[in-house]
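To start, the structure itself, in structure tokens.
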Amino acid sequence: MFNIYNVQKTVDIKFSGLSWESDTLITTIADQGVDLTIEFTLDETGEVPIADETLKAKYLLAKNIIDQNSSIFFDKRDEAFYKTDEFMSNRHKYAAVVNNSQKLISEKIEEALPLVKALYLHMKNVNIPEDILSEEGNYITYVELMYVLSDRLKGYYDQALEHAQIAKNVEFYDLLKEFIKFLEKYEKNFNNLMRERKKAKQQASISKDKTKELTNNLKDKTIIIEEKINILAQLCDSAYITKDTQTKYAETLIELINQKQAKLFVDEANRILQDIDKNSYTTFINQVGDGFYGGLSEWRSDDLPPITKEQFIKNLSLYEIQMSISSSNNRFEHLLFLYVKEKDDSFAGHFMCARVEDAKITELSLMG
């Protein structure tokens, strides 16, 4: 009688737009004059309930890529290492001193000495984690900037010495040269590390040709969702795509996995409806009539003529089904309520509600 597959497209669209941080999704449809409301509830973890370990691994891969590629991810991890108030303040002051064209070189040296000492000490002592030693981390940006500033300051210094504009400050001059050498070595080591990482990633990755082949396959509109998921998972791990493209693929991968999992909820809803249909909705209507007829006289208006149980049952019709489906520990659980109305409105605007469990009515009540 009722088959949710008649409206599966509607449900899928709702699911694909669902934020999985939300608790529930409610979609209301109509079939043969009966409202069908289905509430899909996620499990207590807030994650998509995925029983298939291979599919779950793909989902976690995509989530990790999105996290890793987000600026927020790096900001949080970089903060303790270079975004300290003292370090950032000294870096800004150093740039202001070096770039101030109004200051004499002697004034620049006097003001820059304590700043160079502080910056050099910080960079020698800081323990930089590997996850920010990458193209996405900002630490190397500051290294390059300080190198440019220091090299520029040394140029001013050498020029002033050459023209006998200042006396040589041995302490500062040696410190500045040492700092520049440190920055050069730091950047060289960083670049070597990046080359090694890139090489290792390419060796572990699918080939450049395979990446191109899969990218072309992804454009095929006839491939099924499972094939798309497999292609996207491989592309997400490729060393031959940009970070932006990788993030886009990861977001699409999560969306498709959500849609695939949504279908499991839809299948479960259809199974429940088919299970009830085997027992016949007429049977449920008869049971509701039997259950409520005994108290009918207390509600039925005196303006209405007396009515037999058979006539009362004949006047009943199903007008709404409410179903709640949840998934916990890879198992589906559900609640089902059938709402019945009566032609004469004998219960003064109230409607009859039957709670159904395992295709059997377990509770009757008046609602509304």
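Structural remarks
- Residues within segment 190-223 that are within 27 Å of the chain's Cα centre (by Cα) and of a type in the set (A, V, I, L, M), tallied: 5
- Taken over segment 323-362, the criterion of being part of a loop (DSSP other than H, G, I, E, B), more than 14 Å from residue 276 (Cβ to Cβ) and free of Cβ contacts under 8 Å to residues at least 12 places away in the same chain is satisfied by 345 alone.
- Taking first residues from segment 148-171 that are within 13 Å of residue 106 (Cβ to Cβ) and partners that are basic (Lys, Arg) and assigned to a loop (DSSP other than H, G, I, E, B), the Cβ contacts under 9 Å between residues at least 6 apart in sequence or on separate chains come to 157/168; 161/168.
- Which listed residue is outside any helix (DSSP H, G or I), in the same structural domain as residue 118 (by TED's automatic domain parsing) and at pLDDT below 90, from 239, 167: 167
- Residue, surrounded by the fewest Cβ atoms within 10 Å (Cβ to Cβ), within segment 208-236, restricted to residues that are among the basic types (Lys, Arg) and more than 20 Å from residue 57 (Cα to Cα): 221
The values are calculated or read from the model by the stated rules, or taken from the named source; none is laboratory data. Everything numeric in this text was worked out from a predicted model, so none of it was measured. Note that each Cβ is placed from the backbone with ideal geometry, even for glycine, and that neighbours are counted across all protein chains shown.
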